[in-house]
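K.L.:
Questions regarding the structure given below will be posed in turn.
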Amino acid sequence: MNGHGILDKLVVIDLTQFLSGPFASQVLGNLGADIIKVEPLTGDSSRTIPPYYFNGESGYYLSTNRNKRSIAVDLKKPVGQKVVLDLVARADVVLSNYRPGVLERLGLGYETLKSVKEDIILCSITGFGESGPYSDRPAYDMVVQALSGVMSLTGEEKGEPVRTGVPIGDLVAGLYADIAMLSALWNRSLTGRGQRIDISMFDAQLSLLSYLGTYYLLSGDVPGRQGKGHVSIPTYRSFQCSDNSPVVVTANTEAMWKKLCVCIGRSDLVERQEFETNELRLEHREALWVDLEDAFAKRPAIEWAELLNAAGVPAAPVNTIDRALNDPHTMARDMIDEMVHVLGGSIRLIGNPIKAEDSDPVPTSPPLLGQHTTELLAEMGYVESRIEQLLSEKVVLQCPEIDIVKNVE
């Protein structure tokens, strides 16, 4: 990472693979932290996920691993474990998404980490946490979406449950891990103590139940699939337009309700007794939706969105991914990063959503497997002969030098 970031000089040892952990560490790397990605000699398993690749690297891997340095180490060998402990001695945070007990079996448990760096912070992301009857279970995004109830809320009201289109089970756990790690760093600045953090993907998903979970706890009524609308606000939903595309409307106040009716040419709806309040509109929502659908069917979605926004009613067409990523606002917010790939050519990746006044880091290409192995070993004081020995004994792996430099200016 070049330039200046608000997390400059923060060193994170990233022992994670696949999605939740790499996403969490990338967020910190985007802000300038030195993320040292420790990979097995075979590499992060996400490096080979089909179907899209750039210079042989999976698009899946590229999406969550920029702004990092990679060292490839065999953690099953005691000498490899010693390499990692030497890294930890210079670090602030260790991030893991191994299942409970694995770090201990690898000789990298919290007590061992503390013995080499007393104030180290260890953050573990697991499917179900370090305790509880499911703690030993493996978990993936869709599993926690299903068990947490989130999947039961997703889909058409009378249809089958479906997973969300983005992997929120992984991503939200990663974001909670970031919040927890930064909170622990703040606490350490006050107390001088590190700590162990336990992040569960399942817990993170339960927290997303939000008001729907509270509605159940208050009433005992079980919410069903939310479809294209809102359980409490009948004018917070999508409506089909003349071009067979939907527009989403969020008229969630009385003032917006009245503006909505005027904008769509149905001021008469405001005067109808059954629509006088939000509670009455909710009670008579099926009849209300018939009238609104009829009005929205007269124009294309983009026109309605422009008219409604101009009238003070938040609205938007439902963009496909291509339209969203090429939207002028996306460009104005610098939400597409273009960078030179280490093997040549340029790649475009989703940008950093955190804009900070005193932070202007320059993004770097996701690393090749073991790209920085010898560099990091040298930084720790390993002499050249020792590095060569570790390489020859296959304790560590360095990607071939020629692969790193070819096609790069």
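The values are calculated or read from the model by the stated rules, or taken from the named source; none is laboratory data. Remember, it's a predicted structure, so these values are computed and weren't measured experimentally. Neighbour counts are summed over all protein chains in view; Cβ atoms, including those assigned to glycine, are modelled from backbone coordinates with ideal geometry. The protein model used for the area step is the full one, side chains on, heavy atoms only, and it has no ligands, DNA or RNA in it. Shrake-Rupley method; radii C 1.70, N 1.55, O 1.52, S 1.80 Å.
K.L.:
Hey, what do the phi angles of the range 167-181 turn into as Karplus ³J(HN,Hα) couplings, whole Hz, using 6.51/-1.76/1.60 and θ = phi - 60°, x for Gly and Pro?
P.N.:
x, 5, x, 6, 5, 5, 4, x, 5, 4, 4, 4, 4, 5, 5
K.L.:
Sticking with this structure for a sec: Do you know the relative contact order of the chain, to the nearest whole percent, from alpha carbon pairs under 8 angstrom that are 6+ apart?
P.N.:
Normalised by residue count, the contact order of the chain is 19 percent.
K.L.:
Starting from the amide H of residue 336, placed 1.01 Å from N in the peptide plane, find each other amide H under 5 Å away whose residue is 5 or more places distant or on another chain.
P.N.:
351
K.L.:
Roll a 1.4 angstrom probe over the protein heavy atoms and tell me the percent of accessible area of the chain that is carbon or sulfur.
P.N.:
The nonpolar share, carbon plus sulfur, comes to 56 percent.
K.L.:
What percent does the relative contact order of the range 1-152 come to when contacts are Cα pairs within less than 8 Å and at least six residues apart?
P.N.:
Once divided by the residue count of the range 1-152, the mean separation gives 21 percent.
K.L.:
Highest mean first, how do 304-311, 37-44, 279-286 rank when packing is the count of other Cβ atoms within 10 Å averaged over residues?
P.N.:
Averaged packing, sorted descending, gives the order 37-44, 304-311, 279-286.
K.L.:
Which of the chymotrypsin sites (Phe, Trp or Tyr not before Pro) found in the range 194-232 are loop residues per DSSP with 14 or fewer other Cβ atoms within 10 Å of their Cβ?
P.N.:
Nothing satisfies the criteria.
K.L.:
Computed from the mean reciprocal separation of all distinct C-alpha pairs, what Kirkwood hydrodynamic radius does the range 310-407 have, in Å?
P.N.:
This gives a value of 17.5 Å.
K.L.:
Under the rule of at least 5 residues apart or a separate chain, name every residue whose amide H is placed under 5 Å from the amide H of residue 197.
P.N.:
HN-HN under 5 Å from residue 197: 122, 123, 124.
K.L.:
Please find, in a Gaussian network model of the chain (springs between Cα atoms separated by less than 10 Å), the residue of 171, 208, 15 whose mean-square fluctuation is greatest.
P.N.:
So, out of 171, 208, 15, the one fluctuating most is 208.
K.L.:
For the range 245-297, rounded, prolate or oblate, judged on the Cα gyration tensor with a ≥ b ≥ c (square roots of eigenvalues), a/c < 1.5 rounded, else prolate if a/b > b/c?
P.N.:
Because its axes are fairly even, with a/c under 1.5, the range 245-297 counts as rounded.
K.L.:
Can you tell me the orientation of helix 285-296 relative to the chain, as the angle in degrees between its alpha-carbon axis and the longest Cα principal axis, to the nearest 10?
P.N.:
90 degrees
K.L.:
Okay, next question. How much length, in nm to one decimal, is gained on full extension between residue 375 and residue 270, taken as 0.36 nm per residue of separation minus their Cα-Cα distance?
P.N.:
30.9 nm
K.L.:
If I take all pairs of Cα atoms in the chain, what percentage of them are more than 27 Å from each other?
P.N.:
Distances greater than 27 Å cover 60 percent of the Cα pairs.
K.L.:
Here is a further query. Answer rounded, prolate or oblate for the range 133-247, using the Cα gyration tensor with square roots of eigenvalues a ≥ b ≥ c: rounded when a/c is under 1.5, else prolate when a/b is larger than b/c, else oblate.
P.N.:
Since a/c reaches 1.5 and a/b is larger than b/c, the shape of the range 133-247 is classed as prolate.
K.L.:
How many Å² of accessible area per residue for the chain, probe 1.4 Å?
P.N.:
That works out to 50 Å² for each residue.
K.L.:
Also, quick follow-up: Mind listing the phi-derived Karplus ³J(HN,Hα) values for the range 298-305, rounded to whole Hz, using 6.51, -1.76 and 1.60 with θ = phi - 60°, and x for any glycine or proline?
P.N.:
8, 9, x, 4, 5, 5, 4, 4
K.L.:
Something else now. For the range 4-97, which chymotrypsin sites (Phe, Trp or Tyr not before Pro) are in a loop by DSSP, counting at most 12 other Cβ atoms within 10 Å?
P.N.:
Hits after loop and neighbour filter: 52.
K.L.:
Which whole-Hz couplings ³J(HN,Hα) result when phi for each residue of the range 51-56 is put into the Karplus expression 6.51 cos²θ - 1.76 cosθ + 1.60, θ = phi - 60°, listed in order with x for Gly and Pro?
P.N.:
So the Karplus estimates, Gly and Pro as x, are x, 10, 9, 9, 6, x Hz.
K.L.:
Once the Cα atoms of helix 20-30 and of the chain are each reduced to a long axis, what angle between those two axes, in degrees from 0 to 90 to the nearest 10, is obtained?
P.N.:
That works out to roughly 80 degrees.
K.L.:
How many angstrom lie between the C-alpha centres of the range 60-117 and the range 171-188?
P.N.:
What the calculation gives is 18 Å, centre to centre.
K.L.:
Taking H as built 1.01 Å from N, whose amide H comes closer than 5 Å to the amide H of residue 237, not counting residues under 5 places away?
P.N.:
The list, which skips near neighbours in sequence, is 249, 251.
K.L.:
Per DSSP H run of n ≥ 4, the term is -39500 (n - 2.57); total these for the chain, divide by its residue number, and report the mean residue ellipticity at 222 nm rounded to 500 deg cm²/dmol.
P.N.:
Helix contribution divided over all residues of the chain: -10500 deg cm²/dmol.
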